[in-house]
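A.B. asks: To start, I am sharing the structure in question, which I have written as structure tokens.
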Amino acid sequence: MLKLVVCIKQVPMVSELPWNSKTGTLRREMAEGMINPACKHALESALVLKQEHNCHITVITMGPPMAEEVLYEAIAMGADCGILLTDPRMAGADTLITSRTLAATIETRCPDFDLILCGCHTSDSETGQVGPQLAENMNIAGAAYIEHMELNGRTLRMKRVVDEFLETLEMDLPGLVTINTRTYIPRYVPLDGLQNAFEKQDIKLIDADELGIDPKTIGMKASPTRILDVYSPVEEKKNVVMKGAVKKMVDRLFDEYGDRISAAIGKDLKTHDHDEEQT
Ligand SMILES: Cc1cc2nc3c(=O)[nH]c(=O)nc-3n(C[C@H](O)[C@H](O)[C@H](O)COP(=O)(O)OP(=O)(O)OC[C@H]3O[C@@H](n4cnc5c(N)ncnc54)[C@H](O)[C@@H]3O)c2cc1C
């Protein structure tokens, strides 16, 4: 039996969530959660492999206690069991620490895995970094943005489109893939599937102590990347009429808008002698 592990993330159903500058994290409790769209495509690709081969699927998510919901939905779609990695000390982890924590979980809870499947990116921070970092952390082969897979013994043949080139790749298991969102259109969650999922109750909750991981190596504290602020820039238009001598107007233009013009043209006007412009 092939052991598949699918990493899924719960993301807010809304695109805009307030930033909690005190905790340095999004205020996720303010919105309903859902399975990250690309993770659903990854799960669907695992379910297709399960239809074609004898497979067991474990779904893993790291998140707040409310993230348990996405595991029930994944089991309702056809996964066999779930692992919820939840611990306040894990909050605010950047992609490096997220992938390390997932690696520690897979190494201890699914040591005989054959294939790890991730989504190509998430809808909230969209870095696309966790899959490749997880493969790196586990020292296994990885292939990203995959659109089609065929398993032949322990060799996975994959297809993807990059820069309009169709690429065919092969990888010997164990390995990791990230799945693109153009194929493996997720199946609907059958109602009886949800009921079975709740009856089955095959979800393990694991915190840092149970994982046996040093609390100094998880969460925001261990993360080299910190998000200082998240905001949606407000586009504003303003008419400014300048009158007077040309040189005065140019000087005022550079004094008042030099930074914004520099940012727009990618050249620091302050260090650039604008007198040259007039020659
Ligand atoms: C606005 C914003 C910007 C951010 N920018 C950065 C940044 O530049 N660098 C950085 O290091 N961190 C950043 N972070 C933190 C980052 O969001 C978290 O580390 C997050 O848990 C993983 O990154 P991601 O969502 O981009 O994952 P991606 O790499 O886009 O996710 C790809 C796949 O990895 C798996 N995966 C990701 N997270 C989890 C999880 N929690 N549980 C299970 N599987 C998972 C899923 O299969 C998912 O489809 C940012 C956060 C926010 C809110």
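A.B. asks: I want to verify the translational diffusion coefficient of the chain in µm²/s; compute it with Stokes-Einstein, Rh as the Kirkwood radius over Cα pairs, at 4 °C and 1.567 mPa s.
C.D. replies: 61
A.B. asks: Then there's this: Among bridges DSSP assigns within the chain, what percent are antiparallel (round to 5)?
C.D. replies: Percentage antiparallel, nearest 5: 40.
A.B. asks: Something else about it: For the chain, what does the helix formula give at 222 nm: sum of -39500 (n - 2.57) over DSSP H segments with n ≥ 4, over the residue count, nearest 500 deg cm²/dmol?
C.D. replies: -9500 deg cm²/dmol
A.B. asks: Per-residue accessible area for HIS56 at 1.4 Å probe radius, Å² rounded to 10?
C.D. replies: 50
A.B. asks: I've got another one for you. At a temperature of 10 °C and a viscosity of 1.306 mPa s, determine how fast the stretch 126-279 diffuses translationally according to Stokes-Einstein, using the Kirkwood radius over alpha-carbon pairs as Rh; express D in µm²/s, rounded to the nearest whole number.
C.D. replies: Answer, rounded: 70 µm²/s.
A.B. asks: Starting from the residue with the highest accessible area, list LYS237, LYS50 in decreasing order, probe 1.4 Å.
C.D. replies: LYS237, LYS50
A.B. asks: Roll a 1.4 angstrom probe over the protein heavy atoms and tell me the percent of accessible area of the chain that is carbon or sulfur.
C.D. replies: 53
A.B. asks: Which whole-number value in Å² is the accessible area per residue of the chain, probe 1.4 Å?
C.D. replies: Result: 58 Å² of accessible area for each residue.
A.B. asks: How big is the dipole moment of the chain about its Cα centre under a simple scheme where the beta carbon of each Lys and Arg is +1, that of each Asp and Glu is -1, and everything else is neutral? Debye, nearest 20, please.
C.D. replies: The dipole of the chain has a size of about 380 debye.
A.B. asks: Moving to a separate point now. Quickly rank 89-96, 74-81, 188-195 as a protection proxy: mean count of other C-beta atoms within 10 Å, highest first.
C.D. replies: 74-81, 89-96, 188-195
A.B. asks: Helix 95-109 versus the longest principal axis of the chain: what is the Cα-based angle in degrees, 0 to 90, to the nearest 10?
C.D. replies: 10
A.B. asks: What angle do you read, to the nearest 10 degrees and between 0 and 90, between the alpha-carbon axis of helix 37-52 and the longest principal axis of the chain?
C.D. replies: 30
A.B. asks: Enumerate by residue number the GluC sites (Glu not before Pro) in the stretch 142-214 meeting two conditions: DSSP loop (anything except H, G, I, E, B), and at most 16 other Cβ atoms within 10 Å of the site's Cβ.
C.D. replies: Sparse-neighbourhood loop GluC sites (Glu not before Pro): GLU164.
A.B. asks: With unit charges on the beta carbons (Lys and Arg positive, Asp and Glu negative) and the dipole taken about the Cα centre of the stretch 3-222, which residue among CYS110, PRO215, GLY82 sits farthest to the positive side?
C.D. replies: Toward the positive end, the furthest listed residue is PRO215.
A.B. asks: Still on this model: Multiply the residue separation of GLU136 and PHE198 by 0.36 nm, subtract the distance between their alpha-carbon atoms, and state the gained length in nm to one decimal.
C.D. replies: Length difference between fully extended and current span is 18.9 nm.
The values are calculated or read from the model by the stated rules, or taken from the named source; none is laboratory data. Small disclaimer: the values here were computed from a predicted structure and weren't measured. As a convention, Cβ positions derive from the backbone with ideal geometry for all residues, glycine included, and neighbour counts pool all protein chains shown. Ligands, DNA and RNA are stripped out before the accessible areas are found, and what is left, the full protein with its side chains, is counted by its heavy atoms. Shrake-Rupley method; radii C 1.70, N 1.55, O 1.52, S 1.80 Å.
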